[in-house]
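See below for the structure under consideration.
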Amino acid sequence: MATDKPVFLTPEGRAKLEAELDYLRSVRRREIAERIHTAKEHGDIMDNAEYDDAKNEQAFVEGRIITLEQQLRHAVLIENNVTTDCVGLGSRVTVLDSDGFEETYTIVGSAEARPSEGKISNESPVGRALLGKRRGDTVNVHVPAGTIFLTVVDLE
């Protein structure tokens, strides 16, 4: 994520990223360093699977630390006092699809998106289509499976 693009976060989302960053820096780094040290004590590191695994994990953790640092550096907080006139970042919106199925989403930034928890990114096809819409508006959303039609039935 080598971009200066803003990362939209709720206060809770920012706190989660900060906690993860702190954990990775203070706990995981130390654990991995100990694993590497122990693996080195077992002799030759050329054919040492434990050493290779620890080094791979170290690379992953360091990459995640860099990503989190960049996300937090470019964080823009989503205010809790969002308007309920139209869908925006931080809005909780209930939609009805053409099959009569109702779904509720909270519109968040991409770093905080968790579709399984009803948190969708403002950059996702559904999130992008809903931005700026009001109660009663119907949108057509182009998704990989085709086009879906959603009607905004409630907005918080």
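The values are calculated or read from the model by the stated rules, or taken from the named source; none is laboratory data. Computed from a predicted model, the values in this text were never measured in an experiment. Here the Cβ positions follow ideal geometry from the backbone for every residue, glycine too, while neighbour counts run over all protein chains shown.
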So the check is Cβ under 9 Å with 6+ separation or different chains; which pairs have a first residue in segment 26-45 that's more than 15 Å from Gln58 (Cα to Cα) and a second one that's not in a helix (DSSP H, G or I)?
His42/Asn48
Given (1) modelled with pLDDT of 95 or more; (2) under 23 Å from the mean Cα position of the chain (by Cα); (3) surrounded by 15 or more Cβ atoms within 10 Å (Cβ to Cβ), where does Thr104 come up short, assuming only one miss?
(3)
For segment 90-101, which residues satisfy the criterion of being in contact with a strand residue (DSSP E or B) (Cβ under 8 Å, 6 or more places away or on another chain), surrounded by fewer than 20 Cβ atoms within 10 Å (Cβ to Cβ) and assigned to a loop (DSSP other than H, G, I, E, B)?
Ser98
How about segment 131-152: which of its residues are part of a loop (DSSP other than H, G, I, E, B) and at positive phi?
Gly132, Gly136
Testing Glu18 on (1) among the charged types (D, E, K, R); (2) farther than 28 Å from Leu89 by Cβ; (3) in contact (Cβ under 8 Å) with a residue 24 or more places away in the chain, one condition comes back false. Which one is that?
(2)
How about segment 141-156: which of its residues are under 24 Å from Gly90 (Cβ atoms) and of a type outside the set (A, V, I, L, M, F, W, C)?
Thr151, Asp154, Glu156
Are any of the residues in segment 111-130 more than 19 Å from Thr10 (Cα to Cα), assigned to a loop (DSSP other than H, G, I, E, B) and not aliphatic (A, V, I, L, M)?
no
Considering residues that are of a type in the set (Ser, Thr, Tyr) and exposed (fewer than 15 other Cβ atoms within 10 Å of the Cβ), the number found within segment 116-137 is 1
Qualifying positions in segment 50-86 - of a type outside the set (Asp, Glu), in a loop (DSSP other than H, G, I, E, B), under 30 Å from Thr138 (Cβ atoms) and under 19 Å from the mean Cα position of the chain (by Cα):
Ile78, Asn80
Just to verify a result, which residue in segment 6-29, among those that are surrounded by 15 or more Cβ atoms within 10 Å (Cβ to Cβ) and among the hydrophobic types (A, V, I, L, M, F, W, C), is farthest from Lys119 (Cα to Cα)?
Leu24
Is it true that Glu50 is farther than 18 Å from Leu131 by Cβ and either exposed (fewer than 14 other Cβ atoms within 10 Å of the Cβ) or of a type in the set (Ser, Thr, Tyr) (or both)?
no
Matching entry among Val61, Val87 (being assigned by TED's automatic domain parsing to the domain that holds Val27 and touching a Lys or Arg at 6+ places or on another chain (Cβ under 8 Å)):
Val61
